[in-house]
Amino acid sequence: MTFTGIANHKPEYVEKLNKWRVWHKDNPHVWEMFCKLADKVRATGAKKTGAWLIIGRMRWDHFFETEGAEFKLPNDHIAFYARAYMASKPERSGLFKIKRMFGEDFEHTARKCRLDG
């Protein structure tokens, strides 16, 4: 899943996005867990939830169900997971309420995430 296409993001946004892309590529298990939990929320019939709720659950599960390394996910990346999730499949659009990030071409993001209004 990528954010392709023409956008007018400012350099500070692109820098954060690129840091997330590198981190995401190195940690595919986080994307898999994020999608699994977000899909589980959707299966309950919920129309909206928060990406922080999903990440919080992931952190909770990791803390109580695994041994070894701490689950680390930069908070700056959470917004990109929400955007990527909604952009990945039409039925996932609108699950998360997202806010414009500093330097973001939000109209572009809204189109990619299939957001109404």
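The values are calculated or read from the model by the stated rules, or taken from the named source; none is laboratory data. Not measured: the values here are computed from a predicted model. Positions of Cβ are backbone-derived with ideal geometry, glycine not excepted, and every protein chain shown enters the neighbour counts.
Only one of (1) free of Cβ contacts under 8 Å to residues at least 12 places away in the same chain; (2) over 20 Å from LYS25 (Cβ atoms); (3) in a loop (DSSP other than H, G, I, E, B) fails for GLU104. Which number is that?
Against the list (1) free of Cβ contacts under 8 Å to residues at least 12 places away in the same chain; (2) over 20 Å from LYS25 (Cβ atoms); (3) in a loop (DSSP other than H, G, I, E, B), GLU104 comes up short only on (1).
Tell me whether region 38-52 contains one or more residues that are buried (at least 19 other Cβ atoms within 10 Å of the Cβ), closer than 21 Å to TRP23 by Cβ and at pLDDT below 95.
Among the residues of region 38-52, not one is buried (at least 19 other Cβ atoms within 10 Å of the Cβ), closer than 21 Å to TRP23 by Cβ and at pLDDT below 95, which makes the answer no.
Hey, among the residues in region 7-60 that are of a type in the set (Asp, Glu) and free of Cβ contacts under 8 Å to residues at least 60 places away in the same chain, which one's farthest from ILE98 (Cα to Cα)?
ASP26
Of the residues that sit in region 102-117 and are charged (D, E, K, R) and surrounded by 13 or more Cβ atoms within 10 Å (Cβ to Cβ), which one is nearest to ALA7 (Cα to Cα)?
The qualifying residue nearest to ALA7 (Cα to Cα) is ASP105.
Tell me which residues, restricted to region 36-52, are aliphatic (A, V, I, L, M) and part of a helix (DSSP H, G or I).
Residues satisfying the conditions are LEU37, ALA38, VAL41, ALA43, ALA51.
If a residue must be surrounded by 11 or more Cβ atoms within 10 Å (Cβ to Cβ), outside any loop (DSSP other than H, G, I, E, B), touching a helix residue (DSSP H, G or I) at 6+ places or on another chain (Cβ under 9 Å) and modelled with pLDDT of 85 or more, how many such residues does region 53-101 contain?
Qualifying residue count, region 53-101: 21.
Are any residues in region 13-35 closer than 15 Å to ASN75 by Cβ and either of a type in the set (Ser, Thr, Tyr) or not in a helix (DSSP H, G or I) (or both), and if so, which ones?
Answer for region 13-35, where residues must be closer than 15 Å to ASN75 by Cβ and either of a type in the set (Ser, Thr, Tyr) or not in a helix (DSSP H, G or I) (or both): just ASN27.
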